[in-house]
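Below: the structure, in structure tokens.
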Amino acid sequence: MTQHIDSVKAYVGVFIALIILTFTTVYVSQLELGEFHIIVALLIAFIKASLVAWIFMGVRHSSKMTRLFVVAGLLWLGIMMLITFGDYTTRIWDYTPQPWSQKPTVGGVH
Amino acid sequence: MAETIVPVGHEPVGHEPPPEVTHLRHHFATTEQQLDASMLGMWTFLITEVLFFGGMFTAYAVYRFMYPAAFASTSVYMDVWLGGINTAVLICSSLTMAMAVRSAQLSRERPLVLFLILTMIFGTIFLVIKYIEWHSKWVEHLVPGFNFQYNEAPQYTHHAQILFFLYFCMTGMHALHMIVGLGLLTYLLIQAIRKVFTAYYFTPVEMIGLYWHFVDIVWIFLFPLLYLIGYHHPK
Amino acid sequence: MATIVQGTPEAVAEPVDYLNVSHTWKSWLFTTDHKRIAVLYLISITLMFVLGGAAAVAFRINLLSPEGVFSAETYNRLFSMHGIIMVFFFLVPSIPATLANFLIPIMIGAKDLAFPRINLLSWYIYVVGALFAIYAVVRGGVDTGWTFYAPFSSTYSNSYVLAAAFGVFIAGFSSILTGLNFIVTVHKMRAPGMTWSRLPLFVWSNYATGLIQVLGTPVLAITMLLLAFERIAHVGIFDPNIGGDPILFQHLFWFYSHPAVYIMILPGMGVISEIISCFSRKRVFGYNFVAFSSMAIAVLSFVVWGHHMFITGESMYSSIAFSILSFLVAVPSAIKVFNWTATMYKGSISFDTPMLYAFGFIGLFTIGGLTGLFLATLATDVATHGTYFVVAHFHYVMVGGMVMAYMGGLHFWWPKITGRMYSEAWSKFSALLVFVGFNLTFFPQFILGYLGMPRRYHNYPPEFQTLNVLSTAGASVLGLGYLLPIIYFLHSLKYGARAGNNPWGAAGLEWQIQSPPTTFNFDETPVVTEEAYNYGPVEEIVG
């Protein structure tokens, strides 16, 4: 594997971007965004994490296999959260009895 | 010699240095194979870490979904200033760690030692601030299972306790990873002072660098999730 | 460093191999040779198997009579220890840590696994975890079942939950390290010419297993940790009294523990591919499909866990989705069974002991898999969940499938591992005992479950006694079937005939090297030029 050596400029650039994004996320959290509050916060966190992974951790120079592994790790985290949430979000759904789901009456006894 | 740039894989064929320099182990055919294996192994390990923390993040998400108001009410106790400063401290340590790896890649021995020391200093500052935060939580009776009292909004006592447990569990696990990281950095520092790392062999620096950045990424998510919930609600 | 063996001239003439290269304790306990670590694992998991089996014998005796022998508390502790030990300390490490540890580097033409020292570390971690589990047994046991369901385990149980949970937590890391090692080894250590499409299917299935171990086990670790916090400090995370959700525990637990079922069965499927191919003298039919079905099982295993929770208060919409997804797992599993059967078609089949186990596997795994579909169906599951039907189902998969494959693999590669041949007559007899004993033990349990006998009770209504007595009788036969191999394997170490390098005339790199192999397996790195299972036309094999 060929080692790519990044410039100091790239590292410092990422550093500055991360600091700015940290201020941004604190600032944005004070706005009244309602439901979007968490989405914006996570979006900023995701951008920050991507910057760290892409430049500091050298994913941009890494092999396709390494990238596949990184994506797979995130995908599995997504599977765990999404499917778990599939349970929690639908537990409160109303259940409407259907004609076929009513108890049969036997011998006139209800 | 220290200033010549000889990236691994670019050296002329047949001029690979002896195993004392490359640390090639017997069961690998080439240094390239050894480095590739270590990299893939480290990334695989980081995936296990993603899922380890992922379990806690899932629990957090579920309870936040179930008890949004109780979770938001905890924001008065979360010190955004300390959390924010700690975020910045960790970002600084990530920068110095990246610079340490770069110095090793370039066989620059003194900068490597310097950047490792800086990284350790930032890591220690983070832990000290973390301790201050935890201590104030203890004083305010916010430690679940030991002295939990939630006077701010008594109707949320139970549900807020779950958040505070998650707070301690997640930041605690994160801090534990930081402590392990500091131990690993100490090992690196000793090796670096002994001038073990060269452009031909710096795998440990790179591996531990990946680990350190990963721990930083965890914090990047913990900060908004724990410190900034309901921050917009004026107390 | 090699100690010179003094004694008979025969011993001096023996070629150096990984076993006789040195004989000190130190050379075993600090070895980084994957073959020696495999042997260390083999010894330790066999001890755990005996321990878990002893618990099974005890509660089968209890079930001989409707009123039982032991108290309900003792009975609960017996079946819990049986489950915890068998699942986490025998089945999960069984094939990966022993056979695969020994064979994967050889099969792909490498000198060792990618990280030999991590391999040794994983064994030490396993031992520490096992010691915790044994400590829990010695102090009086655990009564939560192997699933540790909260809030019983976290609040109400007065048994040694913490020690057992820590044991499971620790053993998990050993499993992670094994899986990580395999993944990297298969990616990076293959010999020249050993392409992905030339890998033996045993390597494919263990690679898929490694993926599950790496992706699933960390979640088990954090779940056990949260459980421990809840139990120690009553923080409330799984406590419904203060708003915690016990079903969250089940979600996290089964996110690992359902895929863990495939950690247990996939390596067994790999063994069966090897055995069927060798003793039919044919390439595995549909190699690509069998290889990719392992990967498909690994992926699908992560999206079906909710079928363990149909009756626990999970959303019914979620249950419907889980039910459908669970049916999907049947597809790759069936592909494997069909392809093994097709491999035997027009093959030159010989009935050596490993092949007998493989036959047993195919039949029993099919029953186990198909009854799994009953349980994936929502309506049937409501009636059969928590009955002996479930117990019989997973024992058909785990024991009828996995342990059969493990025994088959041990008999297949024993000559390679030790260089000695075991008694053919005794081994065939014990294979027969295992098959008969197994079916006698667990088939009655299907009927018991169908009739409504709940699992995990120490007593039962008298009308169930006949079937329970049959089951206990079968368990004694099964126990004998497992005891015999331990005896004749040990006997073969000293008195067995020399096996030679390739006693079965099998294809594969592991059969081309010395038996037992040398420390670095190959004198020079082999170059692979042909596909796996390159068995020629049947006529050419003779002689």
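The values are calculated or read from the model by the stated rules, or taken from the named source; none is laboratory data. Small disclaimer: the values here were computed from a predicted structure and weren't measured. Every residue, glycine as well, gets a Cβ built from its backbone with ideal geometry; the counts of neighbours run over all protein chains shown.
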Residue check, A:Leu51 against (1) under 22 Å from B:Tyr211 (Cα atoms); (2) among the aliphatic types (A, V, I, L, M); (3) at the interface with another protein chain (Cβ under 9 Å from one of its Cβ atoms), all met but one. Which one? (3)
Quick check: is even one residue across the stretch B:79-98 more than 9 Å from chain A (Cβ to nearest Cβ), hydroxyl-bearing (Ser, Thr, Tyr) and surrounded by fewer than 20 Cβ atoms within 10 Å (Cβ to Cβ)? no
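Okay, residues lined up against (1) among the charged types (D, E, K, R); (2) over 30 Å from C:Gln250 (Cβ atoms); (3) buried (at least 19 other Cβ atoms within 10 Å of the Cβ); (4) out of contact with any Cys (no Cβ under 6 Å at 6 or more places or on another chain):
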| site | (1), (2), (3), (4) |
| --- | --- |
| A:Ile5 | no, yes, no, yes |
| A:Gly13 | no, yes, no, yes |
| A:Thr25 | no, yes, yes, yes |
| A:Ser29 | no, yes, yes, yes |
| A:Lys48 | yes, yes, yes, yes |
| A:Trp54 | no, yes, no, yes |
| A:Val71 | no, no, no, yes |
| A:Gly78 | no, no, no, yes |
| A:Met81 | no, no, no, yes |
Residues that are more than 14 Å from C:Ile104 (Cβ to Cβ) and assigned to a helix (DSSP H, G or I): does the stretch C:177-194 have at least one? yes
Take C:Leu103 and decide whether it is within 14 Å of chain B (Cβ to nearest Cβ), closer than 30 Å to C:Gln512 by Cβ and assigned to a helix (DSSP H, G or I). no
Need the failing condition index for B:Gln149 against (1) surrounded by 21 or more Cβ atoms within 10 Å (Cβ to Cβ); (2) of a type outside the set (Gly, Ala, Ser); (3) within 27 Å of C:Leu225 (Cβ to Cβ), just the number. (1)
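Taking the stated definitions as given, is A:Ile16 in a helix (DSSP H, G or I) and either more than 9 Å from every other protein chain (Cβ to nearest Cβ) or among the polar types (S, T, N, Q) (or both)?
Working: in a helix (DSSP H, G or I): yes; either more than 9 Å from every other protein chain (Cβ to nearest Cβ) or among the polar types (S, T, N, Q) (or both): yes.
Yes; evaluated as a whole, the condition is true for this residue.
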Please state which one of B:Glu152, B:Glu133, B:Glu49 is assigned to a helix (DSSP H, G or I), away from chain C (no Cβ under 14 Å) and charged (D, E, K, R). B:Glu133
Residue tally, condition surrounded by fewer than 20 Cβ atoms within 10 Å (Cβ to Cβ) and of a type in the set (D, E, K, R), over the stretch C:281-306: 1
Among residues of the stretch C:159-177 being within 12 Å of chain B (Cβ to nearest Cβ) and within 16 Å of the chain's Cα centre (by Cα), the residue nearest to C:Arg231 (Cα to Cα) is C:Gly172
Go through (1) at pLDDT 85 or above; (2) of a type outside the set (D, E, K, R); (3) more than 30 Å from B:Gln149 (Cβ to Cβ); (4) in a helix (DSSP H, G or I) and name the single condition B:Phe28 misses. (4)
Within the stretch C:397-404, identify whether any single residue is closer than 30 Å to C:Tyr495 by Cα and in a loop (DSSP other than H, G, I, E, B), and answer yes or no. no
Out of the residues in the stretch C:420-437 meeting the condition of being of a type outside the set (Ser, Thr, Tyr) and crowded, with 24+ Cβ neighbours inside 10 Å, tell me which one is farthest from C:Arg60 (Cα to Cα). C:Ala431
In the stretch C:64-78, anything surrounded by fewer than 22 Cβ atoms within 10 Å (Cβ to Cβ) and either closer than 28 Å to C:Val261 by Cα or touching a residue at least 40 places away in the same chain (Cβ under 8 Å) (or both) is listed as C:Leu64, C:Ser65, C:Pro66, C:Glu67, C:Gly68, C:Phe70, C:Ser71, C:Ala72, C:Glu73, C:Thr74, C:Tyr75
When you look at C:Phe442, is it surrounded by 19 or more Cβ atoms within 10 Å (Cβ to Cβ) and either within 27 Å of the chain's Cα centre (by Cα) or assigned to a loop (DSSP other than H, G, I, E, B) (or both), yes or no? yes
Are any of the residues in the stretch A:65-77 more than 8 Å from every other protein chain (Cβ to nearest Cβ), closer than 17 Å to B:Val215 by Cβ and not basic (Lys, Arg)? no
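Yes/no matrix, rows are residues, columns are (1) in contact with a Ser or Thr (Cβ under 7 Å, 6 or more places away or on another chain); (2) buried (at least 21 other Cβ atoms within 10 Å of the Cβ):
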residue: B:Trp134; (1), (2): no, no
residue: B:Leu142; (1), (2): no, yes
residue: B:Gly145; (1), (2): no, no
residue: B:Tyr156; (1), (2): yes, no
residue: B:Gly172; (1), (2): no, no
residue: B:Ile179; (1), (2): no, no
residue: B:Gly183; (1), (2): no, no
residue: B:Tyr187; (1), (2): no, no
residue: B:Val218; (1), (2): no, yes
Going through the stretch C:106-118 in order, the residues found to be among the aliphatic types (A, V, I, L, M) and not in a helix (DSSP H, G or I) are C:Ile108, C:Ala110, C:Leu113, C:Ala114
Given the structure, is B:Ile208 surrounded by fewer than 20 Cβ atoms within 10 Å (Cβ to Cβ), part of a helix (DSSP H, G or I) and aliphatic (A, V, I, L, M)? no
Got at least one residue in the stretch B:178-188 being within 9 Å of another protein chain (Cβ to nearest Cβ), assigned to a helix (DSSP H, G or I), polar (S, T, N, Q) and more than 24 Å from A:Ile39 (Cα to Cα)? no
Looking only at the stretch B:189-205, count how many residues are of a type in the set (Gly, Ala, Ser) and part of a helix (DSSP H, G or I). 1
Report whether or not C:Ser159 is of a type outside the set (Asp, Glu) and assigned to a loop (DSSP other than H, G, I, E, B). yes
Any idea which of B:Leu225, B:Leu210 is under 17 Å from A:Val40 (Cβ atoms), of a type outside the set (Lys, Arg) and at the interface with chain A (Cβ under 10 Å from one of its Cβ atoms)? B:Leu225
Looking at (1) surrounded by fewer than 23 Cβ atoms within 10 Å (Cβ to Cβ); (2) closer than 16 Å to B:Met207 by Cβ, which is the only condition B:Glu20 fails? (2)
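Looking at the stretch C:63-93, which of the residues that are assigned to a helix (DSSP H, G or I) and small (Gly, Ala, Ser) is farthest from C:Met224 (Cα to Cα)?
The residue in question is C:Ala72.
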Scan the stretch C:313-366 for residues that are in contact with a His (Cβ under 9 Å, 6 or more places away or on another chain) and either among the aliphatic types (A, V, I, L, M) or within 14 Å of chain A (Cβ to nearest Cβ) (or both) and report the count. 7
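Yes/no matrix, rows are residues, columns are (1) of a type in the set (S, T, N, Q); (2) at the interface with chain B (Cβ under 8 Å from one of its Cβ atoms); (3) without any contact (Cβ under 8 Å) to a residue 12 or more places away in the chain:
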{"site": "C:Val214", "(1), (2), (3)": "no, yes, no"}
{"site": "C:Ile232", "(1), (2), (3)": "no, yes, no"}
{"site": "C:Phe249", "(1), (2), (3)": "no, no, no"}
{"site": "C:Tyr256", "(1), (2), (3)": "no, no, no"}
{"site": "C:Ile265", "(1), (2), (3)": "no, no, no"}
{"site": "C:Val271", "(1), (2), (3)": "no, no, no"}
{"site": "C:Ser277", "(1), (2), (3)": "yes, no, no"}
